[in-house]
Amino acid sequence: MNTNGVTIVTTDDERKQFIEFPYQHYADNDVWVPPLRMDQKKLLSKEKNPYFQNAEMALFIAEHNGEIAGRISAVVDHRYNEHHGTKTGHFGFFECIDNQQTANLLFRVASDWLREKGMKDVLGPASPGMMDTIGLLVDNFDKQPYLLMPYNKPYYEKLINNAGFEEEMDLLAFYVNREDIDLSRFERALEIVYKRNPGLKIREVNMKKLNEEVEIVRNIYNQAWKDNWGFLPLTFEELQHTAKDFKMILDTDFAHIAEIDGKPVAFSIALLDYNQLFKKMNGNLFPFGIFKFLFGKKKIDRLRTALLGVIPEHRGKGIDALLTQKAIEKGLPRGLTQSEISWVLGTNTEMIRLAERIGGSLDKTYKMYRKQL
């Protein structure tokens, strides 16, 4: 079906065009990191991605002068709306040439589809959901994104604003350099944390008991994040699916659970920045990308703290700093000298203070946008 230059994706060829557009769109960009095509296919698959057990999605591609010029997704996440008591749709996977008419068409067809589904407003970008890649980069476009963080062209902010969207929330990324960390001061502070919490122990995630660890992380996350903007409780199936995908890249040196008297109270998961390798693979693991992946790991010198949660009754005890220090302690001997803490809600003053205390500085800002339908 074609509507004023925009097509709703229904065929395999159209789905391929949807997936392939960014690889053409950013072909001359030195900063963008091509995602693995196999991961993108799985992410969009209603059969392979457990997210779609509770969500519906439509994909659209736009043409301009006979060529593919943009794409967008429209999603109804039933579980999100049930949890928040809303009728909010999401847009995501937005990519577009610098043409306001094309962007307006994409937002219009996505909005029309959501309106037909009974939605009252639209929030995004979320690709495809709020637990996936979210946010629009609005500054520092000359810096390569860390693993699983979005990147887009600078003019996207203009396209979205001109399409009638309003800023909803800032998502922040903090940069930490080895030279900015006062290790001796850090260690003294952490000695105090241990003295005040004599039953505290930090242990690595046990990959041999992955399902049990997934459930521990899920329980902590759902308690720690429940009052945060945009929160949606993680299901076991979703987190298990993510954990299986992460098995090849998760390094237990940087995945920890904090326990007090044997009871899990916090966790932290940091990921080696495989974007440094993916940048050279052009979205393909095979036939030659796998060798770059396997043999390039030792050259990675960046780490991203992607998830951190402390259950409410144990906040303010320095456990979050202890978890962060553990990743630094493991990373320095391995040549990891740079780190990003991302993303942090613009309203999360506690996490912002933690990032600043360990020597982090605000490096990138991402924004979420909303529009009434």
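Per-residue 3J(HN,Hα) values for the stretch 247-252, derived from phi via the Karplus relation 6.51 cos²θ - 1.76 cosθ + 1.60 with θ = phi - 60°, read 4, 6, 10, 6, 10, 5 Hz in sequence order (x marks Gly and Pro). Here r is the Cβ-Cβ distance between Met207 and Gln24 and R0 is 25 Å; the resulting FRET efficiency, rounded to 0.05, is 0.10.
Here's how it looks for Leu200: its modeled amide H is under 5 Å from those of Asp261, which are all 5 or more places away or on a different chain. From largest to smallest, the equivalent ellipsoid semi-axes obtained for the stretch 177-317 from the alpha-carbon gyration tensor read 30, 21, 14 Å. Per the Kirkwood formula applied to alpha carbons, the stretch 66-130 shows a radius of gyration over Rh ratio, Rg over Rh, of 1.02. Hey, how much of the P(r) for the stretch 268-373 falls beyond 19 Å, as a percent of Cα pairs? Of all Cα-Cα distances in the stretch 268-373, 55 percent exceed 19 Å. With only Cα atoms counted, the chain has Rg and Dmax values of 20.9, 68 Å. Amide H contacts of Gly89 (H built 1.01 Å from N, in plane; Pro and chain starts excluded): Lys120, Asp121, Val122, Leu123 sit under 5 Å, all sequence-distant by 5 or more or on other chains.
Remark: the stretch 135-192 is approximated by an ellipsoid whose semi-axes, taken from the C-alpha gyration tensor as √(5λ), come to 35, 14, 8 Å, largest first.
What Kirkwood Rh does the stretch 200-250 have if only Cα atoms enter the pairwise 1/r average? Answer in Å. For the stretch 200-250, the Kirkwood estimate is 11.9 Å. Computed packing ranks the peptides 315-325, 182-192 as 315-325, 182-192, most packed first, by mean other Cβ atoms within 10 Å.
Length available on full extension from Glu82 to Asp182: 0.36 nm per residue minus the Cα-Cα distance, which gives 31.4 nm.
The share of accessible area on the chain that comes from carbon and sulfur is 48 percent, using a 1.4 angstrom probe. Angle of helix 210-224 to the longest C-alpha principal axis of the chain, folded into 0 to 90 degrees and rounded to 10: 80°. A crude spin-label estimate for the pair Lys299 and Lys41, with each label 7 Å from Cα along the Cβ direction, gives 2.7 nm. A viscosity of 0.890 mPa s and a temperature of 25 °C, combined with the Kirkwood radius over Cα pairs in Stokes-Einstein, give a translational diffusion coefficient for the stretch 156-240 of 139 µm²/s. Hey, could you get me the Stokes-Einstein D for the stretch 21-61, Kirkwood radius over alpha-carbon pairs, 25 °C and 0.890 mPa s, rounded to whole µm² s⁻¹? The estimated diffusion coefficient comes to 203 µm²/s. Out of every Cα pair in the stretch 100-203, what percent are spaced more than 23 Å from each other? Tail fraction, whole percent: 52.
Normalising the Debye intensity of the stretch 54-101 to I(0), with uniform scatterers on Cα atoms only, and taking log10 at q = 0.15, 0.20, 0.26 Å⁻¹ returns -0.49, -0.69, -0.89. Derived value for the stretch 1-109: Kirkwood hydrodynamic radius 14.9 Å. Basis is the mean of 1/r over every pair of different alpha-carbon atoms.
For the stretch 177-242, the solvent-accessible area with a 1.4 angstrom probe is 61 square angstrom per residue.
The values are calculated or read from the model by the stated rules, or taken from the named source; none is laboratory data. Quick caveat: nothing in here was measured; it's all calculated off a predicted structure. With ideal geometry, Cβ positions are generated from the backbone for all residues, glycine too; neighbour counts draw on all protein chains shown. Side chains included, ligands, DNA and RNA excluded: accessible areas come from the protein's heavy atoms. Shrake-Rupley method; radii C 1.70, N 1.55, O 1.52, S 1.80 Å.
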